[in-house]
1. log₁₀ I(q)/I(0) of the protein assembly as shown at q = 0.09 Å⁻¹, via Debye over equal Cα point scatterers, no solvent, to two decimals?
2. How big is the accessible area of residue A:33 in square angstrom, nearest 10, if you roll a 1.4 angstrom probe over the protein chains?
3. Each label point is 7 Å from the Cα along the Cα-to-Cβ direction; what then is the distance between the points at residue B:286 and residue B:85, in nm?
4. Within 10 Å of each Cβ of A:67-78, how many other protein chain Cβ atoms are there on average?
5. So if I take the alpha carbon set of chain B, get Rg, then get Rh from the Kirkwood formula, what is the Rg over Rh ratio?
6. Sort the following peptides by mean Cβ neighbour count (other Cβ atoms within 10 Å, averaged over residues), highest first: B:146-152, B:214-220.
7. At a 10 angstrom cut-off on C-beta neighbours, averaged per residue, how do the peptides A:147-154, B:307-314 rank from highest to lowest?
8. List the aspartates and glutamates whose Cα sits under 17 Å from the Cα of residue B:86, skipping any in the same chain fewer than 8 residues away.
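The values are calculated or read from the model by the stated rules, or taken from the named source; none is laboratory data. Here the structure is a predicted model, which is why all the values come from computation and not from measurement. When we count neighbours, we look across all protein chains shown, and the Cβ atoms used for this are built from the backbone with ideal geometry, even at glycine. Remember, those area values only see protein heavy atoms, side chains included, never the ligands or the DNA or RNA. Shrake-Rupley method; radii C 1.70, N 1.55, O 1.52, S 1.80 Å.
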Amino acid sequence: MATRKKVLLKVIILGDSGVGKTSLMNQYVNRKFSNQYKATIGADFLTKEVTVDDRLVTMQIWDTAGQERFQSLGVAFYRGADCCVLVFDVTVPRSFESLEAWRDEFLIQASPRDPEHFPFVVLGNKVDLKDNRAITENRAKSWCDEKGNIPYFETSAKEATKVETAFLTIARAALQQEKDEDIYHDFKDAVNLDDVPDKKQDGCGC
Amino acid sequence: MCADTSPAGKDVLGFEPSRHISGDVIANLARRRMRWHRKYPRIEDAQHKSFTRPFKRFISKGVPHHLRPNVWRLSASRFAQKYNRKHEDVPILNGSALLQQARSNPHALTIDEDTLMQIKMDMPRTFPEHAEFKEGAHIYEELGHVLRVFAHLHPHIGYCQAMNFLAGVLLLTTRDAEATLSLLQCIVLVYMPDRYTSEMKVQDDVKILQRALNTPRYAHVRSALEDAGVDVTFFAVKWLLMLFVDALPSDQLLVLWDLFFLWGRRVLLQAALFLLHEHVEDLRARPDVNHVMDVLKDLGRTRALTPQAFAHGITQHGGGVVPKLV
């Protein structure tokens, strides 16, 4: 591809209710934290323009409802995702145990072309609550390693800890994914180009 | 007692007012209040049989705020009675005894752990900016009671996020947990069946909306959305599940709910089409995804309409596309 078109990267944030998905998104996009977020219904998104390795990209970050029953709406929101961020709360073991289900559900509903290599990033959020910590860094890391070396970050949306770093990694992973998809589509278009004129000629014959 | 007033500087539900309401709209409301008072002086005694055509027309022209609890109860009871005859297994129940229990001995209710957790988590995440939804406030506590009793009564639904917002608006309007519980049951079981379970049938409603937008009449709306790269699902799921709470300013929201209780779910779809149509210039102003989403998340930027004009607008949309539902 010779031309540098404007790149839109779609990022989906998943995880149990109350782990801090909305807070992470707002901390990253608006550099703000509030204790007053409403529960997210359906899905919502914010966009942010960032420079990743000298390339200007627009990240469209999707924040989703955490309650399980909203998963059936996933298809509509996950379509075309370039990276999926799985979030758990380091003080709530259940939210960590759910990661696997969120990952599987995403792969089923988004059905990426190459699920084996689809980029995920895991965030263990609320590390500021040191006294209530229930999931150790090692435990989270070893799960991520098992699942194909998923990058892992320990974040606090409240104190802005590691949020910027994590989203830079997310942006890079998404950009890489986008490039791979582009190559695939260029290839597909190239094949199609051979087919289409033939049909047209048929049509014009009369 | 003076009706339709609220704490200084707040709107009718006690929220920060999002826009100025013009003098003629206020005058219209005052006029309607007088008419209601003359024609239906004892609305609290009104029964099912008083549901005549003139009464329905009266509702569609605007309901004085202090009469809403009664008018909503009457509107919903027609649907509820029909529903209860068909669903003897899971009827809409009077929960006053259970509400008492929820207040005094919450452990007496049988609710699964996940549901309880989710309710507890969402209570402070309902209207955090509203004075009456701070922890410890009476309405806040009643919200918890209503949601827990609902989950106890209808374990197949339990609690679904969005119900907290619906119960919240009902509580602020009726100021009564019992009335809120019964209207919440009407909404979730009767008006919006299978919308708050994992079936998420709200997807069917979104499809109807998409179909409507594909007709030539809505080409202007469709192109405004397409140019900005906005899909109907982005905003419609939330609009529908929350019955436009959070999207419409209180005055217009309540008028919409008057019509919703009166005519049923199709009102939501018609309102969606009407509101998209009304905001199309605003949507077109910048074909940018963020701009368009901002407009659709806050529909209070246009002029306030009289209830009558709003109802009229709604009836002008969705004809032939939106089936008669409920």
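1. Calculated log10 I(q)/I(0) at the listed q: -0.72.
2. Roll a 1.4 Å probe over it and residue A:33 shows about 70 Å².
3. My value for the distance between the label points is 5.5 nm.
4. 5
5. 0.95
6. B:146-152, B:214-220
7. In decreasing order of mean packing, A:147-154, B:307-314 become B:307-314, A:147-154.
8. B:194
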